[in-house]
1. Indicate, rounded to the nearest 5 percent, the antiparallel portion of the DSSP beta bridges found entirely in chain A.
2. Just to be sure I understand: of the beta bridges DSSP finds with both ends in the protein assembly as shown, what percent are antiparallel, rounded to 5?
3. When Cβ neighbours within 10 Å are restricted to other protein chains, what is their mean count per residue of peptide B:582-595?
4. Straight distance only, please: which aspartates and glutamates reach the Cα of A:Lys527 with their own Cα at less than 15 Å, same-chain residues fewer than 8 apart left out?
5. Identify, among B:Ala68, B:Met187, B:Val470, the residue whose Cα sits farthest towards the positive end of the charge dipole of the protein assembly as shown, taking +1 on the Cβ of Lys and Arg and -1 on the Cβ of Asp and Glu, with the dipole about the Cα centre.
6. Count neighbours as other Cβ atoms within 10 Å of each site's Cβ, and list the trypsin sites (Lys or Arg not before Pro) in the stretch B:423-452 that are DSSP loop with at most 10 such neighbours.
7. Among B:Tyr411, B:Ile489, B:Gly422, which residue has its Cα furthest toward the positive end of the charge dipole of the stretch B:394-504, with +1 on Lys/Arg Cβ and -1 on Asp/Glu Cβ?
8. In whole angstrom, how far apart do the alpha carbon centroids of the stretch A:334-407 and the stretch B:146-214 sit?
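The numbers here are math on the coordinates, done by the rules we state, and not lab data. Being a predicted model, the structure only gives us computed values, none of them experimental. We place every Cβ from the backbone using ideal geometry, glycine too, and count neighbours over all the protein chains shown.
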2 protein chains.
Amino acid sequence: MKGILNVFHGEAIDVAASLDRITAEPVTALLSSPFFHSSAMDGYAIRFDATFGASETTPVRLRIPDDALYLNTGEPIPDGFNAVIMIEDVNVIKDAAAGREDIEIIKAAAPYQHIRVIGEDIVATELILPENHKIRAIDIGAALAGGHTHINVRKRPSVAVIPTGSEIVAPGVPLTKGRIIDSNSAMIAGLINGYGSSAACYPIVKDNLDEIKCVVSEAVKSHDLVLIIAGSSAGSRDYTSTVIRDLGQCILHGVNIKPGRPLILGMIDGSAVAGIPGYPVSAYITVDLFIKPLIHKWLGLSSEQPETITAVIGRTISSAIGQEEFIRVKVGKVGDRFVATPLGRGAGIMMSLVRADAMLTIPAMSEGVGAASEVNVRLMRPKSDILDTIVCIGSHDNTLDVLYNFLKRKYPRYSLSSAHVGSMGGIIAIKKHEAHIAGTHLLDEKTGLYNIPFIEKYLPDERVMLVNLVYRQQGFIVRQGNPKNITTIDDLQRADIIFINRQLGTGTRLLTDKCLRDLGISGRTIKGYDTIEYTHMAVASAVASGRADTGMGILTAAIALGLDFVPVAKERYDFVLTRDSYAIPMVEALFDIIRNDEEFRLTTLRMGGYDVSDMGKVMYST
Amino acid sequence: MKGILNVFHGEAIDVAASLDRITAEPVTALLSSPFFHSSAMDGYAIRFDATFGASETTPVRLRIPDDALYLNTGEPIPDGFNAVIMIEDVNVIKDAAAGREDIEIIKAAAPYQHIRVIGEDIVATELILPENHKIRAIDIGAALAGGHTHINVRKRPSVAVIPTGSEIVAPGVPLTKGRIIDSNSAMIAGLINGYGSSAACYPIVKDNLDEIKCVVSEAVKSHDLVLIIAGSSAGSRDYTSTVIRDLGQCILHGVNIKPGRPLILGMIDGSAVAGIPGYPVSAYITVDLFIKPLIHKWLGLSSEQPETITAVIGRTISSAIGQEEFIRVKVGKVGDRFVATPLGRGAGIMMSLVRADAMLTIPAMSEGVGAASEVNVRLMRPKSDILDTIVCIGSHDNTLDVLYNFLKRKYPRYSLSSAHVGSMGGIIAIKKHEAHIAGTHLLDEKTGLYNIPFIEKYLPDERVMLVNLVYRQQGFIVRQGNPKNITTIDDLQRADIIFINRQLGTGTRLLTDKCLRDLGISGRTIKGYDTIEYTHMAVASAVASGRADTGMGILTAAIALGLDFVPVAKERYDFVLTRDSYAIPMVEALFDIIRNDEEFRLTTLRMGGYDVSDMGKVMYST
């Protein structure tokens, strides 16, 4: 165990190839730089003591080349000379008869004036870089100027990444039911390489104790660290702990974190070995929490101090006592506060990491955090990126992805971050200043108006803008060919129909409930009425996969997954935002896309199910 | 001109190899992930409608395998089944006679309970990554899980780096007077590669118009950008602008910045070409200011928003009107303020960039900034590194480099940043809370005491500690063998002796002046008395290079450069610091090295000229 936390030895490499490597010993100057006295000006090298007493009335004449020599800037001072007179301070006198030139000067020179002296930048033996320093481009220049051609840097830890699992297939192998693409190996290799070590990905090993043992015992011979992916739980086909125990020793099995509990750490023949949980979020978090510090220790790097910020959490997050939980959150700056919105918490929701701006840690002894409380979150993106992100909370629509992409295309600096909490959630987010903009499509039954009555009711104290994005078609998403022949709301009550619903507070749920109420139908009579999804695409996916026969959603979602559709209503989808948000440059950029980008308009139309005739039009303002 | 600012086209590459590349188009999911319904628990797949009415009193029995099937977590739900009952909620009943097993359940199941459904992570067609996005490890995982094996990323701009200059030699070529190591090519290549493009370094080209033309006209054929290093001024051997003008067009020659004025931008046959100034600091700054945004534009990246902080500037910086000047500064946090200390300003002082923490911009129409004014500086290192840096301002000693290295070795997180302003400057820096610690060796002539009388006089209101670092030998540094036979102070007045002095306020200058005063000698009678250097090593270098015959300095500096030495006095070199600073963890770490690191003690002794008997001892405190 003792040696495993020691810093690694160095290896000499070409200075020019040392970017981002870590110095294994101090780099001191072998030579002084500059290496010789040189002229700092265009002018004449002279001897300063030959200029004593020079003045306007008593100019001193110096003969070329014996007493004065012309030099360009940067040229070495010839032996015996010890000052430079600038060309503009010299009067050149040609004596054509004698075939020679003199210079005349009218001011005495100081010793070594206008000379760039040896060691002005660095004197031999002085320190250029300390050890444990990550080499930057400028350090490469300085090390070369200091006379080094090679530099002693820490050997890169070599890491073997071994995916296991009989159900796992390599990317590109056609998927069938029960098969899972190995996305972990390349993701982990990316992390490992980013830490400054070098990852080698192994072929997938089946769930077979002997096969895994064979591969691992080979891998430890040539790697400092071996990561065995999956099989680290205690299931009947989880062999990792047995492999480590049989070949070496297991130091730890299981950590009190979520996601990431089934982590294993051990040693085999002097190499470190870890069993990394197979769920991608668990894999990411355990590698980040446990493997990165080990590699940094080997490299002589300090463990990073990740930037943290204080943010207001939008909604209550409860967490089980007894486990430290890592919640991925989106963060945006709205007004003068940072606002954090939790993302999906499942260990398999990789997109929660793709979309995350920060990580919120709920301590083991906490039951969670209440809505509107202030929390410290660890940033996963630069703060400047977060400041440049438009926070959009509200109703889901498929154009939001497209809009995000067009924003990023035309204004690479800006991002659009969407959270789907339904139209009412969006209006409340605007009220609580937790979002810059909200998508909403709420029909007021009394007036037949969209959105405006809700703004008047819920945002009476705000000066807001309501801007149309699209009109869209809502209806029942059904499988191709409508095999169960669903044509009316009444059909939802049929014994052979499983429905999939949306969450409360969404415009789509309101529409469903209005249709049912109009016909006097109770939700309790509909199978699946209590099963909810959070986006139109999730509803479409439930229908496509056979999990449900139908659900209310937009035509665009049905088209995207090749499904059929029974129209119910055309509705208006608007953005609501305060006038303050409307004036922020990044929001202006967003409306530039919405109003002026012809290709965005065409792309929206090509998705199907949209009417863009009012796109970007201000429908209402207060 | 028009096309030169267009974003680059994409190229398809292996997803696994795409770390840090930039997406050239949106990445949407080709497959839903998960791809099939799977069990989220260990348990039995069942049909939910077969469980209606199950309760403790009316358990429902299901036959294996017709009505219930055991599944491990992650296994696919077999066709026809639509819910999972957890193993702990099941009572297994063996009917050995009939050779079969049943399960008994006491609670009805909801549709799709404990099933991880298709598309839970991402639904086919949904956006995984927008275009113009820099790919991270997690993005690689998500793209693979979304069914991609290849990904369309922006082609890396290819950049040719062409060093020019007849005086330039490749690293490793033995240096002679007049020759300069090409440190620019590798430094610039490092910068260029760090921006996400790919640099190719060319061999050095002599100052010959035709040769340079020939190389450049070849290079533009295969590169998007060609950088010609040096020769961009208007001197007689500066060919870059002629080359660009003859082969294509020159768009700009000269920018109003310092350092970096002689920049050239142009176009040849559709490729961008730049003439980069040859002084390393000018090269670095012009590449950072002008080349980086161009490459980022091509890649579809936003220009970065560098972090800025507000810092108090320690001393007045004057700057010529009419040029925007970039001043490299060291930054530290002392108390609750950031303090900035300007570094060497010459365009050839590469170490000013190595040591810089931030860049201060003096606008063209400003004459500079006054001492104690607040300025905004652009950080060049992470803020967390700056918070972990001990600011040491005061007297120079060779052990400071060694101490820095030992600190970084044992505590990689911490740094020591030294500025050499002399002992008095150090005490004033402590008084003004501009430094954590100061090195000082001030002899009070009246009492014969070191440092304490000065602390009592200048720091009466501070609670301070005075801790010894070393005793050291001061004397006259002379060339090997003492060729001019310098043995006493009197010798300094000799006509054949050129002296090199230290700046006012240094302990060494005080010592020199005391020695002269004791003998009634005036500085005016000494040649070179007004020429000053800022460190012992610079004085030693002046002697070694023949610029001066002698100067007062420490024995260690003489030993380092292989010089001889005439002893004058043994003196005490202490650190002075406030009790507040003394209690900061990073300062505690520094004193841990000073007091407990045997190898630091031995390394100091091995340098020669030091007595370490009181190293780390508290000499005085208030």
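1. On the way: 89 of 121 bridges.
Around 75 percent of the beta bridges assigned by DSSP in chain A are antiparallel ones.
2. Details: 178 of 242 bridges.
Antiparallel bridges: around 75 percent, rounded to the nearest 5.
3. Values: counts 0, 0, 0, 0, 0, 0, 0, 0, 0, 0, 0, 0, 0, 0.
Partner Cβ neighbours, averaged per residue: 0.
4. A:Asp490, A:Asp491, A:Asp496, A:Asp513, A:Asp549, B:Asp49
5. B:Val470
6. Numbers: sites: B:Lys431, B:Lys432, B:Lys446; in loops: B:Lys432, B:Lys446.
Filter output for the stretch B:423-452: B:Lys446.
7. B:Tyr411
8. Taking the Cα centre of each part, the stretch A:334-407 and the stretch B:146-214 sit 42 Å apart.
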